[in-house]
Amino acid sequence: MTTINKEEIQKFSNLAEEWWDVKGKFKPLHMFNPIRIEYILEKLKKHFDLDRNKNNFLSEIKILDIGCGGGLISEPMARLGANVTGIDASAKNIKVAKIHAKKNNLNIRYLNKSPEQMDVSEKFDVILNLEIVEHVEDVNLYLKYCCKLLKKNGLMFTATINRTFTSYVKAIIGAEYVLRWLPVGTHDWNKFIKPEELELKISNTKLKNIEVKGMKFNPITSKWKRSDDLSVNYIICSLKN
């Protein structure tokens, strides 16, 4: 049993050299990053009672970033003091992430692994599943191992794309064919998951869903903002009791 979809891994391996090019193939993720980070930090601060005015205020927090790619989320978290482990099923992605972290003097543990290949005796305070569940082979198995790797009272963030007509128009036709933000074929609409479906799958792992928030792109300002509109991008924050 595996969560690895070899075709999906190959797609991202082919683009590995472009992770840190803000105008390249991963431009949408670079644009998306600030709003995701802001949301995650807000939740961590409140849940773990952290002082954001302190330098390295995440120093007591152990984070597992699954499907870390080139390290776009791992690095900002490490800069804030978190103990970060980034894992990815693509060896090329991990190589790029390691080189970039070394160049920036960041101590991040990067591993070429999927969650089911991790030692479940090692637990994390926070698990980040950002834009990953739509690319895995078996979502239920994937979430089962996420739950095993999360500490009691730990938080998990799962961000993905809804399966709606709007998401087909915006995330596939718009982003891949019209704006050319992403290579054609990056996403398969049939693999998108509706929030209620994902919430049920997460609940089945014994995690409690705390909040679901939408993320909406404003084409005028070219910025993302939080929203109650879940029709395209959304993020679920879950707690392990």
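FYI, it's all coordinate maths here, none of it is from the lab. Nothing here was measured: the structure is a model prediction, and the numbers come from that model. A quick note on method: Cβ atoms are made from the backbone with ideal geometry, for glycine too, and the neighbour counts reach across all protein chains shown.
Miscellaneous remarks
- Here the dipole of segment 6-240 is about 480 debye; that uses its Cα centre as origin and unit charges on the Cβ of Lys and Arg (positive) and Asp and Glu (negative).
- Inverse of mean 1/r across different Cα pairs in segment 190-241, Kirkwood, Å: 12.1
- Coarse-grained scattering of segment 107-241 at q = 0.09, 0.10 Å⁻¹, given as base-10 log I(q)/I(0) from a Debye sum over alpha-carbon atoms: -0.29, -0.36
- Per-peptide packing, taken as the mean over residues of other Cβ atoms within 10 Å, places 7-19, 131-143 in the sequence 131-143, 7-19 from highest down.
- With neighbours defined as other Cβ atoms within 10 Å of a residue's Cβ, the residues Phe165, Phe217 order from fewest to most as Phe165, Phe217.
- From helices alone, the chain scores -9000 deg cm²/dmol at 222 nm; the rule is -39500 (n - 2.57) for each run of n ≥ 4 DSSP H residues, then divide by the residue total.
- Taking the convex hull of the alpha carbon positions in segment 31-85 and averaging its projected area over all directions gives 3.7 nm².
- Formal net charge of residues neighbouring Leu106 (Cβ-Cβ distance under 14 Å; K, R +1; D, E -1): +3
- Ratio of Rg to Rh over segment 72-159 (Cα coordinates, Kirkwood Rh, two decimals): 0.95
- Of interest is the spacing of the C-alpha centroids, which for segment 119-145 and segment 188-241 amounts to 15 Å.
- Taking all pairs of distinct alpha-carbon atoms in the chain, Kirkwood radius in angstrom: 18.0
- Along its three principal directions, the equivalent ellipsoid of segment 2-103 from the Cα gyration tensor extends over semi-axes of 26, 14, 13 Å, largest first.
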